[in-house]
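Input: a single structure, listed below in structure tokens.
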Amino acid sequence: MKIGILSDTHLRSPDSNLDYILDDLFSDADMILHAGDIVTRSVLERLDERGVLAVCGNMDDYDVYDMAPQTRVVSAGDLRIGLIHGWGSKEGLVQRIIEKFLTESPDIIVYGHSHMPFWGEVNGTRMFNPGSASRNVFPRGRTVGLLEIDGDSVSARFIELDV
């Protein structure tokens with residue numbers, strides 16, 4: 001199973017970059033997840049057209065908060081993925097997110113907020129952050145991610161969008 005993941009698009013309206021991510025980069029994805037900071041209803045509606053499963057983020061308009069949950073857990077093959085945006089300082093972010101999912105115990109947690117790509121294990125929990133799909137102040141540039149799941153085996157990679 002191939003899962004396209006994006007976060008922190010920070011768009012006021014859909015644009016050609018979002019279309020490229022959804023329709024070209026993730027054209028063969030079995031599932032697409034968005035980890036928040038969508039910003040507007042029109043962008044969320046564009047994500048809905050592609051069947052993207054999304055959560056709201058701290059920069060989203062009230063319309064998005066009304067339409068997208070703050071967290072969700074989705075099945076992906078034999079695994080369960082927790083999806084959340086995140087909040088507050090980067091310091092302690094991952095631990096706060098892990099605590100938010102203590103009762104659900106997902107196999108992987110996908111999150112955003114920090115704009116920093118990350119794939120690794122923290123306190124026994126696999127964590128994935130695709131980075132930011134929009135331009136930002138961090139040196140890494142724009143990135144999205146892919147998870148490939150085969151049984152309980154998971155591989156991850158980041159795709160640089162500024163090339």
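The values are calculated or read from the model by the stated rules, or taken from the named source; none is laboratory data. In this text, all values refer to a predicted model and were calculated from it rather than measured experimentally. Positions of Cβ are generated from backbone atoms using ideal geometry, with glycine treated the same way; all protein chains shown enter the neighbour counts.
Here are some notes:
- Meets criteria (closer than 19 Å to residue 113 by Cα and touching a residue at least 40 places away in the same chain (Cβ under 8 Å)) for residue 92: no
- Top-ranked residue of the range 104-128 - restricted to ones that are within 18 Å of residue 71 (Cβ to Cβ) and of a type in the set (Asp, Glu), ranked as surrounded by the fewest Cβ atoms within 10 Å (Cβ to Cβ): 104
- Filtered residues of the range 1-16 (kept if under 17 Å from residue 115 (Cα atoms) and either free of Cβ contacts under 8 Å to residues at least 40 places away in the same chain or more than 13 Å from the chain's Cα centre (by Cα) (or both)): 11
- Unique match (being out of contact with any Leu (no Cβ under 9 Å at 6 or more places or on another chain), surrounded by fewer than 18 Cβ atoms within 10 Å (Cβ to Cβ) and not in a loop (DSSP other than H, G, I, E, B)) among 28, 24: 24
- Among the residues making up the range 6-17, those that are surrounded by 20 or more Cβ atoms within 10 Å (Cβ to Cβ) and either part of a helix (DSSP H, G or I) or not hydrophobic (A, V, I, L, M, F, W, C) (or both) are 7, 8, 9.
- Residue 116 vs. criteria in a loop (DSSP other than H, G, I, E, B) and not small (Gly, Ala, Ser): yes
- If you check 73, 43, 64, 39 for being within 16 Å of residue 128 (Cβ to Cβ) and without any contact (Cβ under 8 Å) to a residue 40 or more places away in the chain, only one passes: 73.
- Residue in the range 75-86 that is charged (D, E, K, R), at pLDDT below 95 and outside any loop (DSSP other than H, G, I, E, B) present: no
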